[in-house]
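Colleague: I am attaching a structure below and will ask some questions about it afterwards.
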Amino acid sequence: MSEISKFFHVVTFGCQMNVHETEKIKGKLASLNMKETLDIKKADVVVFNTCCIREKAEDKAYNQIVKMKKLKEKNPNMIIVVCGCMPQQPKGKYNLKEKLPFVDVIVGTHNVNSIADHVKALLGERKRVYEIIEKPVASMDTPNCIRDDKYNAYVNIIYGCNKFCTYCIVPHVRGREQSRPAKEIYEEVKDLVQNKGYRFITLLGQNVNSYGKDLKSKMTFASLLESLCKIEGDFKIKFMTSHPMDFGEDLIKVMKNENKVAKALHLPVQSGSSKILFKMNRHYDIKHYMSLIKKVKRAIPEISLSTDIIVGFPGETEKDFNQTLKLLKKVKYDQVFAFMYSKRTGTPACEFADQIDEKVKNVRLNKLLRLQKIIEKDQNKKYFNKTYNCLIKFVNGVTMGITDGGKDIYIPNYKYKNENYFASVKVEEIRDHKLSGVIDE
């Protein structure tokens with residue numbers, strides 16, 4: 001293939017869904033006999049898989065793409081592709097087609113799987129492609145993924161979202177919920193565990209709890225988990241993200257009873273104020289959310305909890321913000337992902353009159369993060385002198401055990417060269433946020 005480009009480079013922004021989508025893109029490009037390069041200057045094809053969930057992520061992606069103009073001038077034959085959420089926005093901040101004339105291919109979230117076909121065509125005919133499909137199509141197949149993580153494999157189970165939170169652009173760029181057939185998911189997980197050797201499987205969806213609602217079968221997310229646990233092999237199943245409104249006791253029961261389901265839960269709360277939750281169109285209040293947390297902790301005392309929080313949503317008063325701080329103190333999350341509210345064109349919250357000043361948002365965010373750091377340090381005490389079933393892995397020459405909840409335990413005196421297996425690890429030392437221990441053999 002002397003005339004075909006040989007090297008590709010993919011730049012990824014955003015969530016785990018985008019990370020996994022990049023793995024699929026790499027697989028598609030590799031099917032053209034291309035090879036991945038980590039040096040963007042040496043690439044014949046450069047793909048930007050973009051995110052627009054927050055303004056900072058969108059600006060970062062756009063600025064990096066703009067820098068490619070000079071590289072394209074030096075190498076006119078380089079093919080530049082922009083895909084993902086940014087092009088799919090109905091009223092995006094940037095008009096990519098007009099502002100990025102040096103980009104060869106622009107596609108949205110619903111037709112990412114066409115990138116390889118466009119690249120192949122462009123190698124023979126230099127013709128710019130702008131293709132945004134409004135209606136979701138069948139999901140991209142995954143057998144030829146090039147996975148970046150040798151321990152954890154992502155598996156999509158549902159695409160899109162039906163919730164329409166007032167701050168969120170996801171339903172507009174990812175479309176309505178579409179569940180993958182259970183048999184298809186089962187076979188993919190079985191192959192990853194039994195043939196590819198993966199020990200962690202992470203099921204992905206904007207709202208995994210909605211799985212199956214659009215299918216004719218009576219399969220629910222809880223029953224899907226039960227079926228996947230029947231696959232033979234030594235592995236753990238994680239999932240994200242759950243929505244509190246669809247999180248039921250059937251799922252709690254499966255998490256409690258099935259050893260292959262990780263004892264970890266990411267349950268986004270977004271705010272500790274019921275007033276703000278109502279404005280966000282989250283479909284639940286704090287009383288409902290806390291009832292779920294209590295049920296989960298009662299059923300699974302060792303559960304590792306994490307959440308998402310938006311600081312400075314329009315109309316958030318000091319009282320509302322303090323209710324969020326109160327929630328953190330009460331729940332004691334192991335990990336919190338907190339962000340300042342970011343206006344997204346095309347969402348209702350963007351038009352709300354009571355926007356919060358950026359300086360106020362910044363002060364509140366830093367205050368929340370300081371509190372969470374104290375909570376996490378205190379939470380670490382519960383690990384001391386306890387033993388956990390961990391996946392043993394090497395990271396930058398250091399041996400670590402990773403717990404169900406994603407907590408890393410450093411193992412400084414590991415004598416063997418084995419990895420990617422489960423072992424009992426006893427925590428013997430806690431220093432700030434760092435846990436150290438030994439393999440209990």
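Colleague: Can you list, largest first and rounded to whole Å, the semi-axes you get for region 214-279 by taking the square root of 5 times each eigenvalue of its Cα gyration tensor?
Modeller: Square roots of five times the eigenvalues give 27, 15, 9 Å.
Colleague: Which one of SER271, SER223, SER31 has the biggest mean-square fluctuation once the chain is modelled by GNM with Cα springs under 10 Å?
Modeller: Largest GNM mean-square fluctuation: SER31.
Colleague: Follow-up question, since we're still on this one. Sorted by accessible area (1.4 Å probe), largest first, how do ARG298, ARG370 line up?
Modeller: ARG298, ARG370
Colleague: Which one of LEU122, MET240, ASN111 has its Cα pushed farthest toward the positive end of the charge dipole of the chain, where Lys and Arg give +1 and Asp and Glu give -1 at the Cβ?
Modeller: MET240
Colleague: Now a separate question. Relative to 2.2 N^0.38 Å, what does the C-alpha radius of gyration of region 358-418 come to as a ratio? Two decimals please.
Modeller: 1.58
Colleague: With a 1.4 Å probe and all protein chains left in place, how much of the accessible area of the chain comes from carbon and sulfur atoms, in whole percent?
Modeller: C and S fraction of accessible area: 50 percent.
Colleague: Right, next: Just add up the charged neighbours of ASP148: K/R +1, D/E -1, any other residue whose Cβ is under 11 Å from the Cβ of ASP148.
Modeller: Surrounding charge for ASP148 is 0.
Colleague: Hey, got a sec? Which chymotrypsin sites (Phe, Trp or Tyr not before Pro) in region 287-336 land in a DSSP loop and have at most 12 other Cβ atoms within 10 Å?
Modeller: Here no loop site has a sparse enough neighbourhood.
Colleague: Loop-only GluC sites (Glu not before Pro) in region 289-352, please: DSSP not H, G, I, E or B, and at most 15 other Cβ atoms within 10 Å.
Modeller: Passing both the DSSP loop test and the Cβ count: GLU302.
Colleague: Also, quick follow-up: Relative contact order of region 149-212: what whole-number percent is it, with Cα pairs under 8 angstrom and at least 6 residues apart?
Modeller: Averaging sequence separation for qualifying contacts and normalising by length gives 51 percent for region 149-212.
Colleague: What relative contact order, as a whole-number percentage, does the chain give when Cα pairs under 8 Å and 6 or more residues apart are counted?
Modeller: RCO, the chain: 10 percent.
Colleague: How much solvent-accessible surface does ASP39 expose, in Å² to the nearest 10, with a 1.4 Å probe and all protein chains in place?
Modeller: ASP39 exposes around 60 Å² with every protein chain in place.
Colleague: Suppose only helical runs count, i.e. DSSP H with n ≥ 4. What mean residue ellipticity at 222 nm does that imply for the chain under -39500 (n - 2.57) per run, divided by all residues and rounded to the nearest 500 deg cm²/dmol?
Modeller: Roughly -9500 deg cm²/dmol at 222 nm, from the helical runs in the chain.
Colleague: Counting other Cβ atoms within 10 Å, keep those with at most 14, restrict to DSSP loop, and tell me which trypsin sites (Lys or Arg not before Pro) in region 174-213 are left.
Modeller: Filter output for region 174-213: ARG176, LYS196.
Colleague: Quick one: putting +1 on the C-beta of Lys and Arg, -1 on the C-beta of Asp and Glu, what dipole do you get for the chain around its Cα centre, in Debye to the nearest 20?
Modeller: Using Cβ point charges on Lys, Arg, Asp and Glu, the chain gives about 840 debye.
Colleague: Give me the accessible area per residue for the chain, probe 1.4 Å, as a whole number in Å².
Modeller: 48
Colleague: Can you work out ³J(HN,Hα) from phi for every residue in region 301-318, in order, using Karplus 6.51 cos²θ - 1.76 cosθ + 1.60 and θ = phi - 60°, giving whole Hz and x for Gly and Pro?
Modeller: x, 8, 4, 9, 10, 9, 7, 10, 9, 9, 9, x, 5, x, x, 6, 8, 4
Colleague: Please list the equivalent ellipsoid semi-axes of the chain, computed as the square roots of five times the alpha-carbon gyration tensor eigenvalues, in descending order and whole angstrom.
Modeller: 35, 29, 22
Colleague: How large is the Kirkwood hydrodynamic radius of region 1-94, in angstrom, based on all distinct alpha carbon pairs?
Modeller: Every distinct Cα pair counted, the radius reaches 13.9 Å.
The values are calculated or read from the model by the stated rules, or taken from the named source; none is laboratory data. Note that the coordinates shown come from a computational prediction; the quantities given were computed from them, not determined experimentally. Using ideal geometry, Cβ is built from the backbone for each residue, glycine included, and neighbour counts are taken over all protein chains shown. Side chains included, ligands, DNA and RNA excluded: accessible areas come from the protein's heavy atoms. Shrake-Rupley method; radii C 1.70, N 1.55, O 1.52, S 1.80 Å.
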